[in-house]
Amino acid sequence: MNTDSPPQSLLKQISQIHRMEPGRLCVMGQGPNGPYYNLQCREQGKTRSRYVPGEQSAVVAEHTANYRHFQALVEQYAALIVAQTRAERETGAKKKTSRPKSSSPKIRKSNA
């Protein structure tokens with residue numbers, strides 16, 4: 001049984017991702033020894049491509065899947081925290097808050 005609260009559960013899942021790589025693994029072409037791969041991603045506003053040897057393609061595919069999973073978990077966590085923040089603010093706004101009492105006595109001026 002999972003006793004973690006949802007935000008803690010999401011953070012725990014995020015912390016268990018140890019390897020990730022942004023981008024998409026693409027087959028560039030077919031050679032005599034199998035397909036050629038590259039990893040495409042955006043870095044500093046530009047599309048970058050890196051050659052990936054065939055024997056590393058399975059590992060790189062796993063790392064890109066980990067990155068997508070990480071992004072999804074972070075989005076869920078952010079949405080949950082935003083919802084909690086808004087709920088707390090709404091609850092606080094519905095409560096009547098009295099104005100703080102001043103420690104200095106008020107002096108009324110007479111209309112004379």
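Each reported figure results from applying straightforward, stated rules to the coordinates on display, with no laboratory input. Predicted, not measured: the structure shown is a model, and the values here were computed from it. Don't worry about glycine lacking a Cβ; one is built from the backbone with ideal geometry, like all the others, and counts go over all protein chains shown.
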Enumerate by residue number the trypsin sites (Lys or Arg not before Pro) in the range 1-79 meeting two conditions: DSSP loop (anything except H, G, I, E, B), and at most 14 other Cβ atoms within 10 Å of the site's Cβ. Arg19
Give me the number: length gained by fully extending Arg68 to Leu80, i.e. 0.36 nm times residue separation minus the C-alpha to C-alpha distance, one decimal in nm. 2.5 nm
Once you put a point 7 Å from the Cα of Met28 and another 7 Å from the Cα of Ser15, both along the Cβ direction, what distance in nm separates them? 4.0
The summed charge of the Leu39 Cβ neighbourhood (under 10 Å; Lys/Arg +1, Asp/Glu -1) stands at +2
